[in-house]
Amino acid sequence: MKIKNNQILCIGEILWDNLPSGAKPGGAPMNVALHLKRVGQQVAVASKIGNDEQGKKLLKFLENSGLNTDLVQVDESLPTSEVLVHLDVNNNATYEICEPVAWDNLKLTDSLSNKAKESGLIIYGSLASRNAETRNTILNLLENDAAKLIDVNLRKPYDTREIVEMLIMKSDVVKLNDDELLVFAKWNEVQLQDEKSRIKWFADHYNSKMVCVTKGDKGAILFADGEFYEHPGFKVNAVDTVGAGDAFLAGFIAALYEGKTNDKALEFACATGSFVASKAGATPEYDRFEIEHLIISK
C-alpha cells in the first residue's frame, strides 16, 4: 500500500456511547483518530455534532484530547448522536443507534475537500453512509489519490448490501471481523468452510490490496501481497470490547506507517486492541509504552 504522506483523515460518526457505567465519547472514526493520536500519528477527524449541550461536551472532549476539530461541523437542527450500548455476559457490545442525527448531515465543504486532497490516508466506515447526505460527501472525498481504508461496521438495520459493497470497492484496505466476513460470503452465496479461503475470495472479489480480519479474543489474520499473517491475540481480563476494534486498527496503521513488517504490524495491532479491551470505554488514557510492555511480557 503506497501512501503519499503521513497525514491521516478519519471521516464519519462521533457520538456518545451510553454504557451501563455511564456516557462515554465514541464513534468508530473518532475512536480510531484518538488512538492514532495516542500512538503518535498526525490525524484529523471530520464529522458533525448538534448545536446542543451534548455536542459542546463532545467538542470539548476532542479539544482536550488534542485532536484538531476544524472539520467537526455543527448542525442547527439535528441532535448530537447518542447510542445505547448493551454488554452481554462476556462484555461484548451490541448497539442501538438512533437516527437522524447530526453526523447524518455531513456537508461537503472546501476545507473538507482540501483536507482529503492533502491526506495520505483516508479512513471511513460503512455506518456513516446510512443516509444520502453524508454518503455523497464521503464518496466525493474518496475521489482523490489518497490511500483508502474502510473499517466495516455492519450495524442492523444500516447494513444495506448495495451501499456497503460500493464503499468497499472504493477502498484499498478492508478491516472487518470474522462474523462480517461470513455475511459477505452469504451475500454472494460463497460456501467456503476454510477461513483463509474466504479471506482470499473476499480480496479477489472486492479487489482489495489488503484484508484484515479480527477474531475477538482469538486474535486476527491479515492477507496482504498474496501472503497470510496470523496472530493469536493477547490474553487480558476484558472490561468491555467497546472500541477494541478501533484501537486494533489504529495500532495496525501506526505500525505500518513506522515501517514495521506486516507480521509485526499485526502483533502491535492485536496488543493495542487487547489493551483497550482491558479498560473501560472506547478511548481510555494510555501511551504506546504500555502497548509495547504488553508485547514484551506476553
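Since every read-out is calculated from the coordinates, none of them should be taken as a lab result. Only a predicted model underlies this, so the values are computations on that prediction, with no experimental measurement involved. FYI the Cβ positions are ideal-geometry reconstructions off the backbone, even for glycines, and counts take in every protein chain you see.
Not counting the cut sites, what is the longest span of the chain without GluC sites (Glu not before Pro) that DSSP labels loop and that have at most 12 other Cβ atoms within 10 Å?
Between exposed loop sites, the widest span is 190-284.
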Task: Within straight-line cross-link reach of LYS56, aspartates and glutamates at Cα separation under 19 Å, skipping those fewer than 8 residues along the same chain - done: GLU13, ASP17, ASP70, ASP75, GLU76, GLU82, ASP104
Task: Proximal aspartates and glutamates relative to LYS200, as straight alpha-carbon distance under 19 Å, when same-chain residues fewer than 8 apart are discounted - done: ASP151, GLU165, ASP172, ASP178, ASP179, GLU180, GLU189, ASP225, GLU227, GLU230, ASP263
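Step through the table entries LYS235/LYS264; LYS60/LYS175; LYS37/LYS279; LYS2/LYS215; LYS2/LYS186; LYS37/LYS148, compare each Cα-Cα distance with 22 Å, and write down the pairs that go over it.
Violating the 22 Å limit, Cα to Cα: LYS60/LYS175; LYS2/LYS215; LYS2/LYS186.
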TODO: With a ≥ b ≥ c taken as the square roots of the eigenvalues of the C-alpha gyration tensor of region 30-176, please select rounded if a/c is under 1.5 and otherwise prolate if a/b is larger than b/c or oblate if it is not?
DONE: rounded
Task: Relative exposure of SER65, SER197, SER129, judged by other C-beta atoms within 10 Å (fewest first) - done: SER197, SER65, SER129
- [ ] May I ask for the percentage of alpha-carbon pairs in the chain that lie more than 27 Å from each other?
- [x] 36 percent
TODO: Fewest Cβ neighbours within 10 Å first, please rank VAL211, VAL276 accordingly.
DONE: VAL211, VAL276
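Å³ per residue of the Cα convex hull, for region 235-298?
Value for region 235-298: 73 Å³ per residue.
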Task: Charge dipole (region 7-296, unit charges on Cβ, about Cα centre) - positive-most of VAL39, LEU142, VAL83 - done: VAL39
Task: Estimated distance in nm for a label pair at ASN207 and ILE296, the labels positioned 7 Å out from Cα along Cα-to-Cβ - done: 4.5 nm
